[in-house]
1. Considering the range 228-252 alone, what residues qualify as being open to solvent by 70 Å² or more (accessible area, probe 1.4 Å) and of a type outside the set (Val, Ile, Thr)?
2. For residues that are over 26 Å from residue 231 (Cβ atoms) and modelled with pLDDT of 85 or more, tally how many sit in the range 72-89.
3. Quick check on residue 130: is it over 24 Å from residue 63 (Cβ atoms), out of contact with any His (no Cβ under 9 Å at 6 or more places or on another chain) and either open to solvent by less than 80 Å² (accessible area, probe 1.4 Å) or of a type in the set (S, T, N, Q) (or both)?
4. Mind listing just one residue for me: the one in the range 4-27 that is outside any helix (DSSP H, G or I) and touching a helix residue (DSSP H, G or I) at 6+ places or on another chain (Cβ under 8 Å) and, of those, nearest to residue 98 (Cα to Cα)?
5. If you scan the range 15-46, which residues turn out to be within 24 Å of residue 200 (Cβ to Cβ), open to solvent by 50 Å² or more (accessible area, probe 1.4 Å) and of a type in the set (A, V, I, L, M)?
6. Among (1) open to solvent by less than 80 Å² (accessible area, probe 1.4 Å); (2) in a loop (DSSP other than H, G, I, E, B), there is one condition residue 60 misses while meeting the rest; what is its number?
7. If I filter the range 93-102 for residues that are hydroxyl-bearing (Ser, Thr, Tyr), open to solvent by less than 30 Å² (accessible area, probe 1.4 Å) and over 11 Å from the mean Cα position of the chain (by Cα), do I get at least one hit?
8. So, in the range 29-80, exactly how many residues are on the phi > 0 side of the Ramachandran plot and touching a strand residue (DSSP E or B) at 6+ places or on another chain (Cβ under 6 Å)?
Amino acid sequence: MNIAFEYWVILGLVGLYLYDSAKLIRYNQVFLYTGLRSKFSIHVPSKNMNVLKKYLFLTHPFHNSHLLFILQWNLNAQKKCDEVQLADEIQTIKNQVDSLRKLQLSNILVWILTLIAFPLLFLTQQSYLLILSTLLLIYVINLAQASYVILKRKPLTLNKKQCVSFFIDALFCPPFALNLLKKITLNIEIQHDAIHIAQLLLNPKAFSSGLEQIIQDIDALKQSEPNTETAQYIQLGKLHSYLITLQHSHNI
């Protein structure tokens, strides 16, 4: 089967973007995200694709402007946490969001240019001037975003190596540059339990919905335990009861 060169180019662009959007996560990891609006939501990835005891998660390809934070629940979620440290991590998340809000619209624009406008111009064999102008605009936006991130390196808690990596993506691999915002926010190591973080950042409806998904995962994990007398199974049962109680209290 012969495929025209133009289609190989487009497939390469989309393939690189999807490859860079894929993440391997652990069973107890979930995602906190926010779009153009200020409200937060939680997403519990499906556990269908197991890769080396981790699960393949493909970030939504049409939501490249989302700010995505990775959280994890643990078996001791019902225990009281350090409120001062928790408040610090909440503030870190909010600071990241505030710093990156200015880039969300430009990130949407460059996604449209890279994966819609350029492919259409290339496939329909428009004038070289129009195609080159589109490419130039893509590179200008990518480099401007990378430069902004470098200037905001300290509040974004990025090191020099990461900034160089973002700049290289902007200069040599536009599909990778589309995931700039997600790469920055996923870089944050959040230590506190996902339940406590979500309880403070989500509205009651979103929090209850997220709990429901986590409870289903815990049910599945309990069923996979061969022995109901193990410490793991008992702890899962305690966590399950705690989350149901917490969910009911938010539904009242």
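The values are calculated or read from the model by the stated rules, or taken from the named source; none is laboratory data. As the structure is a computational prediction, the values presented were derived from the model and not from experiment. We place every Cβ from the backbone using ideal geometry, glycine too, and count neighbours over all the protein chains shown. Accessible surface areas use protein heavy atoms only, side chains included; no ligands, DNA or RNA. Shrake-Rupley method; radii C 1.70, N 1.55, O 1.52, S 1.80 Å.
1. 229, 231, 232, 238, 248, 251
2. Matching residues across the range 72-89 total 3.
3. yes
4. Within the range 4-27, the first condition is being outside any helix (DSSP H, G or I), and the residues that meet it are 4, 22-27.
Still in the running and touching a helix residue (DSSP H, G or I) at 6+ places or on another chain (Cβ under 8 Å): 23, 27.
Numbers: 23: 25, 27: 30 Å.
Among residues in the range 4-27 that are outside any helix (DSSP H, G or I) and touching a helix residue (DSSP H, G or I) at 6+ places or on another chain (Cβ under 8 Å), the one nearest to residue 98 (Cα to Cα) is 23.
5. 36
6. (1)
7. yes
8. Taking the range 29-80 first, the residues on the phi > 0 side of the Ramachandran plot are 52-53.
This time we only want the ones that are touching a strand residue (DSSP E or B) at 6+ places or on another chain (Cβ under 6 Å), so: none.
Summing the residues that are on the phi > 0 side of the Ramachandran plot and touching a strand residue (DSSP E or B) at 6+ places or on another chain (Cβ under 6 Å) in the range 29-80 gives 0.
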